[in-house]
1. Could you check region 392-429 and list, in sequence order, the residues that are small (Gly, Ala, Ser), closer than 30 Å to residue 322 by Cα and open to solvent by less than 30 Å² (accessible area, probe 1.4 Å)?
2. Considering only region 106-150, state which residues are closer than 16 Å to residue 179 by Cα and among the basic types (Lys, Arg).
3. Within region 269-281, which residues are assigned to a loop (DSSP other than H, G, I, E, B) and closer than 25 Å to residue 59 by Cα?
4. Of 117, 136, which residue is within 22 Å of residue 236 (Cβ to Cβ) and either open to solvent by 30 Å² or more (accessible area, probe 1.4 Å) or modelled with pLDDT of 95 or more (or both)?
5. Looking only at region 95-128, which residues are in contact (Cβ under 8 Å) with a residue 60 or more places away in the chain and among the hydrophobic types (A, V, I, L, M, F, W, C)?
6. Which residues, taken from region 65-99, are in a loop (DSSP other than H, G, I, E, B), open to solvent by less than 10 Å² (accessible area, probe 1.4 Å) and within 16 Å of the ligand (Cβ to nearest atom)?
7. How many residues are under 18 Å from the mean Cα position of the chain (by Cα) and in a helix (DSSP H, G or I) if we restrict to region 113-132?
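The values are calculated or read from the model by the stated rules, or taken from the named source; none is laboratory data. Please read these numbers as outputs of a predicted model, since none were measured by experiment. Neighbour counts are summed over all protein chains in view; Cβ atoms, including those assigned to glycine, are modelled from backbone coordinates with ideal geometry. Calculation scope for accessible area: heavy atoms of the full protein, side chains included, ligands and nucleic acids excluded. Shrake-Rupley method; radii C 1.70, N 1.55, O 1.52, S 1.80 Å.
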Amino acid sequence: MPRYDLIVRNGTVVTEWEATPADVAVADGRIAAVGPELADAAAEEIVLPSGAIVLPGLIDPHVHFNEPGRAGWEGWQTGSAALAAGGATACFDMPLNAHPPTLDAASFAEKRRLAEASSCVDFALWGGLTPANLDALEALAEEGAIGFKAFMSSAGTDDFPYADDDTLLRGMAIAATLDLPVAVHAENETLTRALADRARREGRTGWRDYLQSRPIVAEVEAIGRAIAFAEETECRLHIVHVSTGRGVAQVAAARERGVDVTCETCPHYLVFAEEDVERIGALAKCAPPIRDGATRDDLWSALLAGEIDLLASDHSPAPPAMKAGDDAFAAWGGISGCQHALPVILTEGDRHGLALSRIAALVAGNVADRFRVAGKGRIAVGNDADLSWVMRVDGWNPIPAAGVRYRHPASVWDDVPLGYRVLGTIRRGETIFREGVVSDRAGGRLLRPVSPGHGV
Ligand SMILES: [Zn+2]
């Protein structure tokens, strides 16, 4: 007689290949069985409502929780609660916006300590790659960094300088010896800085002016350069938040000729267009910026063609005072979205014919594979019992204000209709979100990448 701790019943379970009715049994925090009518009289049961869809826990590879130092912007407790309420069981936190930024072993250890104290989801930490810390990359790897993040254009905070070409090339060479990926924010610094300076000098500070100061060519050029450097150094490269089909096409072409490069995009680039930025204002400011409708359609074509590897929220909040006003260059650039990402992509996926199994790969399986996180990302026997269940809902269903868990709840998603609702989330067998309530226990653990030599 099998011994399970928990059985999640009555759902349609999404695997890599299909969505099929099944129960999921959990023992010791891991998935012990997936199949029809699993039984253990002693196990706790969660009986899902008819129509519930069970997905692997979302792994968000790109969030900015800003703690330590700027916890007033977000923080591990509120940020991880938002993730749990959004069906996520793990995240990767970016090395900037916290103060100090994550540039050496001590800052890594301090962020890890804070996350362990207050995160209800498991977490990995990116280390930074800047001109100031090339000699600290090895120590960051030893601490367990999931990879190194570099900015090819200004990052918006003074304590995280962007990586000039010399820094980026040398950093990639070091990352290659450590067998860790480098993730780049790919926009051309010279071009974006000159365009922004000229616009401000001439008093052109509206939303269109901001969008035009970060043109598509600035992204396309930087992606091409990053790929050239990765090819030269044999570094594993990941391009974060690609906003254009042209950018994705470069990644696909490089991969075709054997370069180890992947890319992600974010829900906001798939949903909004320039006119929405004019309508919404500062909340919709991000970099690279929201593009025109035709570019958004190109990005969808690339996603449907299987050329985009991952989806990430790039959850990047700031206090309300920094997301206000009409000077588009003065407002903080960053969009909150880690709780909305899953319902948004499920809703849009329905409209565009993106299968549930593909969505599960984009938000979980591919993330675990690309960054070598063992035992996560799929609903499969032996993996961590990380899952969420969602329901299709009819009509106009933005997440109600009281249910939004961000420290500063206002976001671009406030009036976006959602066709799905997240009902529950389990992390390593433990319920972290159910019936609108986020668990007040922390319990999140550091995820380290598995090196190939140690076997996955
Ligand atoms: Zn970001």
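1. 403, 411
2. 149
3. 272
4. 136
5. Matches in region 95-128: 96, 115, 117, 120, 121, 123, 124, 125.
6. Within region 65-99, 65, 66, 74, 94, 95, 96, 97, 98 qualify.
7. Final tally of qualifying residues: 1.
Each row is one residue, and each column tells you yes or no for (1) of a type in the set (Val, Ile, Thr); (2) open to solvent by 20 Å² or more (accessible area, probe 1.4 Å).
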| residue | (1), (2) |
| --- | --- |
| 147 | no, no |
| 152 | no, no |
| 156 | no, yes |
| 162 | no, yes |
| 165 | no, yes |
| 182 | yes, no |
| 192 | yes, no |
